[in-house]
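Enquirer: The structure that follows is given in the form of structure tokens.
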Amino acid sequence: LVTRFQLDDPGPCEGENWMKKAGNPPVVEWDYEYGYSTGPFSCYCSVCSKKSDVVSRNQNMADFTKLIRKALKKHNSKTLFSIYSAYQSEKNKHVYGIDWNMVKDSVDYAICGYGRPEKELAETLDIMGKTPLMTGAIVTPYDSNSRAYPRQFTAAWLLRRAVDSTGGILLYQYTILDGHSLSACAKVSQIME
């Protein structure tokens, strides 16, 4: 595993071929949810071992984030880059491998979980500053094999999520939304326009 990245040049833009194959999307989102000891940036080299395990792995992820952003912007400066992960907290640095302080300048907007932990939400908003934060709303259970009747969105829940965010709402997942959820989405969309 490479633990140090050359940030001055992303190298040959193989990403250009990937972007073309993907239809040159205007937005690229990285869903990053790895524990500090199980993710692709878990490293035990002598450089990383001098820092705490969590800090070194969060930093490796942040360095790679810079590379992704640089490659995307090299291909098309208008491409927006976002990361989906957990809200900022000491626990989530371990559990999800994300420290928003380290990546805040490398994303065009952030996307965070589906719950509403007030302290973590406030801390994430504070860290991100003017960078938009999208919050999430989820239909549960979202396991497509579950036989339980899903708890659908209400307009009140979606409006709360809209007020919490500075960049919109991520809805999960469209395939199990019923008429009640779709109606709630329509009501809140009208208010947000």
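Enquirer: Taking every pair of distinct Cα atoms and averaging 1/r, then inverting, what Kirkwood hydrodynamic radius in Å comes out for segment 72-129?
Expert: In segment 72-129 this quantity evaluates to 12.0 Å.
Enquirer: At 7 Å along Cα-to-Cβ for each site, give me the label-to-label distance between T175 and T154 in nm.
Expert: Taking the simple label geometry, T175 and T154 are separated by 2.8 nm.
Enquirer: Subtracting the Cα-Cα distance from 0.36 nm times the residue separation, let me have the gained length for K187 to K73 in nm, one decimal.
Expert: Details: separation 114, 0.36 × 114 = 41.04 nm, distance 3.58 nm.
Extra length from K187 to K73 when fully extended: 37.5 nm.
Enquirer: Taking trypsin sites (Lys or Arg not before Pro) as exposed when DSSP calls them loop (any state but H, G, I, E, B) and at most 14 other Cβ atoms lie within 10 Å, what is the longest stretch of the chain free of them, the sites themselves excluded? If you can, show how the numbers build up before the last one.
Expert: Working: sites that count: R4, K50, K51, K78, K130, R147.
Value returned for the longest uninterrupted segment is 79-129.
Enquirer: Modelling each spin label as a point 7 Å along the Cα-to-Cβ direction, I'd like the T140/K91 distance in nm, to one decimal.
Expert: Distance between the two pseudo-spin positions: 1.3 nm.
Enquirer: Here's something else I'd like to know. Count the DSSP beta bridges whose two residues both fall in the chain, then state the antiparallel fraction as a percent rounded to the nearest 5.
Expert: Just about 5 percent of them are antiparallel.
Enquirer: Sum up the charges of everything whose Cβ sits under 14 Å from the Cβ of F153, counting Lys and Arg as +1 and Asp and Glu as -1, but leave F153 out.
Expert: Charge balance near F153 sits at +4.
Enquirer: Using amide H atoms built 1.01 Å from N in the peptide plane, name the residues 5+ places from E29, or on other chains, whose amide H lies under 5 Å from its own.
Expert: Answer set, sorted by chain and number: S82.
Enquirer: In sequence order, what are the phi-derived ³J(HN,Hα) couplings for segment 105-122 according to the Karplus relation 6.51 cos²θ - 1.76 cosθ + 1.60 with θ = phi - 60°, rounded to whole Hz, with x for glycine and proline?
Expert: Once rounded to whole Hz, the list reads 8, 10, 10, 7, 7, 10, 10, 10, x, 9, x, 9, x, 4, 5, 5, 4, 4.
Enquirer: What number comes out for the charge environment of Y109, summing +1 per Lys or Arg and -1 per Asp or Glu over other residues with Cβ under 13 Å away?
Expert: 0
Enquirer: I need the phi-derived Karplus couplings for segment 162-175: 6.51 cos²θ - 1.76 cosθ + 1.60, θ = phi - 60°, integer Hz, Gly and Pro marked x.
Expert: 5, 5, 5, 8, 10, x, x, 10, 9, 9, 9, 9, 4, 5
Enquirer: Right, here's the next one. Which of Y109, Y149, Y84 ends up with the largest GNM mean-square fluctuation for the chain, with Cα atoms connected below 10 Å?
Expert: Y149
Enquirer: Moving on. Among N145, N17, N60, which one shows the highest mean-square fluctuation when the chain is modelled as a Gaussian network with alpha-carbon springs under 10 Å?
Expert: N145
Enquirer: Could you pull the Rg and Dmax for segment 89-192, using just the Cα atoms, both in Å?
Expert: Considering segment 89-192 through its Cα atoms, Rg and Dmax are 14.8, 43 Å.
Enquirer: I've got another one for you. What residue among Y114, T154, P132 has its Cα farthest toward the positive end of the dipole of segment 89-156, where the charges are +1 on Lys, Arg and -1 on Asp, Glu, each on the Cβ?
Expert: Positive-most Cα among the choices belongs to T154.
Enquirer: To the nearest 500 deg cm²/dmol, what mean residue ellipticity at 222 nm is calculated for the chain from DSSP H runs of n ≥ 4 alone, each contributing -39,500 (n - 2.57), summed and divided by the residues?
Expert: Helix-only estimate at 222 nm: -12000 deg cm²/dmol.
Enquirer: Next question. Quote the charge dipole size of the chain about the Cα centre in Debye, to the nearest 20; the model charges only the Cβ of Lys and Arg (+1) and of Asp and Glu (-1). Walk me through the numbers on the way to the answer.
Expert: Details: 23 positive and 21 negative charges, 19 e Å.
Once rounded to the nearest 20, the dipole reads 100 debye.
Enquirer: Taking the alpha carbon gyration tensor of the chain, what are the square roots of 5 times its eigenvalues, largest first, to the nearest whole Å?
Expert: The three semi-axes for the chain are 31, 21, 16 Å.
Readers should treat all values here as calculations from the given coordinates under stated rules, not as data from a laboratory. Computed from a predicted model, the values in this text were never measured in an experiment. Positions of Cβ are generated from backbone atoms using ideal geometry, with glycine treated the same way; all protein chains shown enter the neighbour counts.
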